[in-house]
Each structure stands twice: as structure tokens, then as C-alpha cells.
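The values are calculated or read from the model by the stated rules, or taken from the named source; none is laboratory data. As the structure is a prediction and not an experimental result, all values here were calculated from the model. Neighbour counts are summed over all protein chains in view; Cβ atoms, including those assigned to glycine, are modelled from backbone coordinates with ideal geometry. Surface areas here come from the heavy atoms of the whole protein model, side chains and all, with no ligands, DNA or RNA. Shrake-Rupley method; radii C 1.70, N 1.55, O 1.52, S 1.80 Å.
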2 protein chains.
Amino acid sequence: MDTSVEQNWFTERDGLSGSAFSLEITDRIHDEQSSLQRIEVYETRTFGRLLTLDGVIMLSDRDQFIYHEMIAQPALCMHPQPNHVAIIGGGDCGTLQQVALHDRVQHIDLVEIDERVVRVSERFFSYLCTANTDPRVHMHFSDGIAWCEQQAESSLDVILVDSTDPVGPAEGLFREPFFRSVHRSLKPQGLMVQQSESPLLHQDIILQMHQRLRSVGFSDVKTLLFPLCVYPSGWWSATIAAKDGVIPVTPLIIPDFPFHYYNNDIHQAAFALPAFLRRILEQADPEQKSG
Amino acid sequence: MDTSVEQNWFTERDGLSGSAFSLEITDRIHDEQSSLQRIEVYETRTFGRLLTLDGVIMLSDRDQFIYHEMIAQPALCMHPQPNHVAIIGGGDCGTLQQVALHDRVQHIDLVEIDERVVRVSERFFSYLCTANTDPRVHMHFSDGIAWCEQQAESSLDVILVDSTDPVGPAEGLFREPFFRSVHRSLKPQGLMVQQSESPLLHQDIILQMHQRLRSVGFSDVKTLLFPLCVYPSGWWSATIAAKDGVIPVTPLIIPDFPFHYYNNDIHQAAFALPAFLRRILEQADPEQKSG
């Protein structure tokens, strides 16, 4: 990934996909090197504020709602009793905020490796951090992989992996040892959701996730799709895995929250796979051929 | 719109949305000024060939299939008897190719204002032009608005408007006089589909289309959504209007064509509106509130 700021345009170039996305910026309002990464916040002319880590776009005010609702809500609305939820990553706290909307959730662990991301978000994206002081929320500034390994067997209902791309620090979050420890720490009926990159650019990653999640024992794996303007290709995915049983495409409940993207129709629509992706994922699960 | 080619990157900057999309290019293999516009073809490193008109990206080899299938297939697969189909614009012939797949279609008019676009596509995107010599295809190199006005009342089953953005030459295609002549020339059960810009960036255009299409007499209007990497925001829409009756969300038939994007699930999913867009479109049709 290669970033440039020239003539008031912030550009994230993805050499692998040979594509780039740019936003017109009016100011850089924060720039720090934490012990782990460079954290910057820009004011853009039309997308509100922009958060980047090591030059890679994490979120913009304008379209963050799509990502955060789609990482959190489908699993929360499908799980019969999501008492205990863990978020791995998610330092901007937008996913946490979505989870905390649910009264049924009694305990939320946010496991973010870099405390500075949370603090920067509290300062510059305070509207995402309204749940940070909720008494149900427990923040752990440590490595998500190690944290998961330390959890008791069958202790969590939902695990949301809201990570950066599978290169560098987050690479281990896409590997079997981590998936195995997630599977072990989930209760029966437990669900895991993980951001899984672009359906146009990273089909290999999505297929590999399906194969690896099944190989460690998850009984069903499905990928849901949504647009996301500020990520490469403008199209993104989350992959959801069930400890046992089949992932229902229909939500159990749709709470009356002030969603901007999610609703009952979108929940079901997100699971519709384009022809090319269905063909690819049949390699991981020949039973998904129907539909 | 502002285009630049620097250090092997083609960049389309959209000043209005303050965003830009770039592709790494290896060569420019065609550049001509037709009587109407500048037509260029680039070789990209990872997206195949790229067609631009006046510096605005029209299609790339890598993701054109999504656009062409979603402009053509939902209407073709919903209409009970699509004998006579007209395409307004669509000079790259990708939409034409999708329509020609259907044996039920007996006559196809392609009304493209710039013959040079068709000729350039035949040369550089020949895989999209396989239907150009089909005896059912009739090409008219003229203005689509005037052509529509000349059609007999109730003479067409499906009209697909595959145009450029609603600025400059294509502006009239988004106005009531054109919609009125489309409505008039459609047979009972007739359907019109028109590309309708980005749901993230151009909500005003989508709302306005709904209002204008209803005001000229269309009985139902729905917008369908799909990803499109090379268009601004990576997320695009088509708006479909029915001369009479209600647009069914379920297709009548799903033919066994070698689709890359479209299928039965995608057809239904494309009609799912995000919460924010549903709220906006309720202004045009309060009855759509349910769902």
C-alpha cells in the first residue's frame, strides 16, 4: 500500500490491485506515531473526517455506518441470546457502539492492540464512542489472538473480528490457530463474524477463510456483502461462521434502532452471492450449490 | 470531471463528490476525437482494458459484467413477453449482448448517438459485440430522445437507457419529456430501466427520477443496487419503471445463461433498499414504507 498527499488529495494506492482511491482533503488534524503504527486524521471536503492507520483508510464519517452496522447487526440479530460479545480490533469503537445498542447483550469485551486508536477516536470521532463508558463494556489493550487463547472454553456468544487487512499485525487473525481458538471459546450456537476484504479483488482470501473456518470445526460459513466506498473496489465482505447448526439467512429480530443501512431486507440481501462468487465458494462447501 | 494520466496512473477525479478513482495503466491503445466526444482505450495492469469518453470511465474488462447484466437481466427476466426491446445509448454493446441472449426477444433497436463508440468497441472490446451481427439487432446512430418520440404508441416492450451521466448530452434522458415519450411508446406491461448513478453520492438524482417517472404516469418505480468498482463510490443503481401494475421483485424466469453476477438471489437482493435510501424514496412513494 502506498499513500500520497498531493495538492489537497489524499490517495491510497493498492499496488496489488492496481487501483487507487482518493479524497479531497482540507486539513490534517492529527498525526501521531503510536508504538505500533502511524495514526492520522484528515478533514475531507465531502466525506467528513477520515481515519488512516499506516496510510490505509480505516473509515470516513460519510460511509462508516455501512461497515459498522454490517459487521455487528446481522450476527446480533440472528443469535438467540447474545449475552457475551467480544470484539477483536475495532479500535474506532463504531462496532462496539452497534453491539451496545442491544439490551440483550450483558458483557462486551473490546480487545484492541493499540490503545491510541481508541483515544484518537474518542477525540475525533466522538459520535462513534458513545458506548465507551457503558458499564457493560470492558476494554483490553492487548493482542486479540493471545486474548482469545486465554478465554475459557464455551464462554462467548458472539465474536466480531473488526481487523485491518491480512498483512502485518492482523495476518494471524486470518489463520487456523486463531480460528481454532475462536471456535473453542464460543458457546453452542455461537457466531463469529470477520471482515473478509473485497469480493472483487480478494476472492482467494474469502475462499481460504471458508476452508480454514470449516477445517477447524465451524459447521456453517457464509459471506455477506455490502458496498463500502472508501475501501479498495468499493465493495466489501464479512464472513460469518456458526459453531453448530446452519446460519439462518433470516434474522430472528430486527430491533427498532435508528439504522442508516441495515434492515430486514438488507440482512437477507447481503447473503445473496453473485454467480462468480457462488462458483468459487462451492469449492469450500459443495452443499451451497443450491440457491 | 477532471482526468489526469500521470506516472502510469489514469485518474478520474469527481470534483462534486470530492473523490477520485485511479487505475494503473500500461498503455493507451486508442485515442480519437469523434464529432461528439473524445474516445480513449487504455490497457490497465490489473483491470484489462478501460474505455473512457471525454475522460470519464465507461467500463473496464474486469467489472463490466456487473453493470451489463444488471441493466439488462432484471427487466428481461421479469417481463412476460419481451418481444421488442430498445436500448438507448449502450454503444459499447455489452447491454445489447445481454438482451440478445434471450430467445424470446425478436427485435432489438440500439439507439446510440455516436457510431464511433460502437466501432471502437467492436475493435477493442470485441467480446462484448458478439450480438452486433445478430439479425434481430437494428442499430440507429441518432439521438435517443428524438428516436423515442418517433416511435409508435404502445410499440415497445422494454426500453433500457444505458446512458452517460446526467450532464451534457445525456441530461435530457433524465427529464420528464423523455420519460413521457418512453411511457407512451411502451406497450401495456412495458418496463423501462435506466442507469441512475450512485446511491451514496447522487440520492437527489434517484429521488428526482422516481418523482418524474411517477409524474408522467408510470405506475410503479423501483431502484436496484449493485457494486461497480470503476464508477464513483463503487456503488451504482438502476431505476426500473412499470407502465402499469407493480414491479415484481421475483423474476418470472431465470434462464440458464452463463452469468457472472446475476442469478435469482441477486435479482431479489438488488431490490433491497438500505434504511437511508428507503427513507429518501418514501418522499416519492409513501406506499413503499412497508418492507
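Remarks
- Among the residues of segment B:265-291, the one identified as polar (S, T, N, Q) and at pLDDT 95 or above is B:Gln268.
- Residues of segment A:132-179 classified as under 14 Å from the mean Cα position of the chain (by Cα) and either touching a residue at least 40 places away in the same chain (Cβ under 8 Å) or at positive phi (or both), total: 11
- Filter result for A:Leu252 (open to solvent by 10 Å² or more (accessible area, probe 1.4 Å) and at pLDDT below 95): yes
- Selection of segment B:256-280 for residues being more than 7 Å from chain A (Cβ to nearest Cβ), open to solvent by 30 Å² or more (accessible area, probe 1.4 Å) and within 18 Å of the chain's Cα centre (by Cα) yields an empty set.
- Residue within segment A:184-194 that is open to solvent by 20 Å² or more (accessible area, probe 1.4 Å) and closer than 22 Å to A:Leu101 by Cβ present: yes
- Scanning segment B:13-23 for residues that are open to solvent by less than 10 Å² (accessible area, probe 1.4 Å) and of a type in the set (A, V, I, L, M, F, W, C) turns up at least one hit.
Yes/no matrix, rows are residues, columns are (1) touching a Cys at 6+ places or on another chain (Cβ under 7 Å); (2) within 13 Å of B:His140 (Cα to Cα):
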site: B:Asp63; (1), (2): yes, no
site: B:Gln73; (1), (2): no, no
site: B:His79; (1), (2): no, no
site: B:Ala86; (1), (2): no, yes
site: B:Asp92; (1), (2): no, no
site: B:Thr95; (1), (2): no, no
site: B:His102; (1), (2): no, no
site: B:Gln106; (1), (2): no, no
site: B:Glu112; (1), (2): no, yes
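- Exactly one residue out of A:Asp61, A:Asp27, A:Asp54, A:Asp31 is within 17 Å of the chain's Cα centre (by Cα) and either of a type in the set (Asp, Glu) or open to solvent by 30 Å² or more (accessible area, probe 1.4 Å) (or both): that is A:Asp61.
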